[in-house]
Amino acid sequence: MSLAALDGVELHYRALGRGRPCLAMHGGLGLDHSAFLPWIEPLGEDLRLILYDHRGNGRSGRPPLETLTLPQLCDDAEALRRHLGLGPAILLGHSCGGFIALEYALRHPRSVSGLILVGSAARYDPASPDLARRLAARGLAPALERLIASPADDHDSMRRFLDEARALYYPALAPAEARAAIDRIVLDKTAWLRGMEILAGWDIGARLGEIRAPTLILHGADDAVFPADEAERLRHGIPGAECHILEGCGHLPFADRPEAFLAAVRGWIRRI
């Protein structure tokens, strides 16, 4: 594990493997790169994989909260790429990490050799009635209300919510395995709340056609956070994008069907 001092913050990262560089951008906000583990680590056999925590998240530094913005998160990733002396990189973004990857591809197009968007979308509204209905249909409305009602510094409230929402995030894992996965994550409710603020009404759909990087979209057929039609919207919007809807998967398809996930990524890497 290493720290990179960049633009007023220390970013915590882990590098493994060799080959073409790949920046892995975790979701949340309020999570860390542990949400990817151990499922994407095998990509270190194919890529120079850089797993890092966004500013204000995980084991990275806690600069002033107002610096936690979508443009700054993109610029942090670019600064980390430069710090490590990497050439153009593949961006692997899960959920909100996919939002950052999309914005990065527009802000720093020459720094991107490819996009892997996992369980993500081109728009997000945390106050969306459709999202509320999907969560209510899974019986999660009371759990979400408890999370929102707890104090901003009650980081364990996020762990309690994730534990109650195991069927949403880890439907294919046994309860003990899902609990172990949740316990690995360094959670920060302050960052999560900030994410809800800066992403409210975010929609990049009108600019998808500007993206020229080869793009792979991987999405769970049973994802209740972003339904599969959001993956199709990405596919139609990004020129030449390839899309796989993985059956039997929720919001973290790399955890539900790791073999299918890795096979799709490796096949795509060979073709670009």
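Values as computed for the structure displayed
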| read-out | value |
| --- | --- |
| Among (1) surrounded by fewer than 21 Cβ atoms within 10 Å (Cβ to Cβ); (2) within 16 Å of the chain's Cα centre (by Cα) - the single one residue 214 does not satisfy | (2) |
| Filter result (within 18 Å of the chain's Cα centre (by Cα) and of a type in the set (Asp, Glu)) within segment 33-88 | 41, 53, 75, 76, 78 |
| Those residues of segment 22-78 which are in contact with a strand residue (DSSP E or B) (Cβ under 8 Å, 6 or more places away or on another chain) and among the hydroxyl-bearing types (Ser, Thr, Tyr), in sequence order | 52, 60, 67 |
| Test for residue 121: is it closer than 21 Å to residue 186 by Cα, among the aliphatic types (A, V, I, L, M), modelled with pLDDT of 90 or more and part of a loop (DSSP other than H, G, I, E, B) | no |
| Members of segment 27-66 found to be among the small types (Gly, Ala, Ser) and assigned to a loop (DSSP other than H, G, I, E, B), listed by number | 27, 28, 30, 56, 58, 60, 61 |
| Qualifying residue in segment 8-18 (condition: closer than 24 Å to residue 256 by Cβ and either assigned to a strand (DSSP E or B) or of a type in the set (A, V, I, L, M) (or both)) | yes |
| Test: residue 222 is out of contact with any Ser or Thr (no Cβ under 7 Å at 6 or more places or on another chain) and either modelled with pLDDT under 95 or within 18 Å of residue 271 (Cα to Cα) (or both) | yes |
| One residue from 64, 42, 38 being under 23 Å from residue 265 (Cα atoms) and free of Cβ contacts under 8 Å to residues at least 12 places away in the same chain | 38 |
| Test: residue in segment 133-144 that is basic (Lys, Arg), at pLDDT 95 or above, out of contact with any helix residue (DSSP H, G or I) (no Cβ under 6 Å at 6 or more places or on another chain) and over 25 Å from residue 177 (Cα atoms) | no |
| Counted residues, segment 105-125 - those being in contact (Cβ under 8 Å) with a residue 60 or more places away in the chain and not hydrophobic (A, V, I, L, M, F, W, C) | 8 |
| Odd one out for residue 270, checked against (1) crowded, with 16+ Cβ neighbours inside 10 Å; (2) among the basic types (Lys, Arg); (3) free of Cβ contacts under 8 Å to residues at least 12 places away in the same chain | (1) |
| Matching residues, segment 165-197, being in a helix (DSSP H, G or I) and among the aliphatic types (A, V, I, L, M) | 167, 168, 176, 178, 180, 181, 182, 191, 193, 196 |
| Segment 209-230, subset in contact (Cβ under 8 Å) with a residue 60 or more places away in the chain and assigned to a helix (DSSP H, G or I), residue farthest from residue 138 (Cα to Cα) | 210 |
| Residue in segment 153-176 that is nearest to residue 39 (Cα to Cα), counting only those that are surrounded by 13 or more Cβ atoms within 10 Å (Cβ to Cβ) and of a type in the set (Gly, Ala, Ser) | 172 |
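The values are calculated or read from the model by the stated rules, or taken from the named source; none is laboratory data. Predicted model only: the values in this text are computed from it and were never measured. Cβ sites come from the backbone with ideal geometry, for glycine too, and all protein chains shown count toward neighbours.
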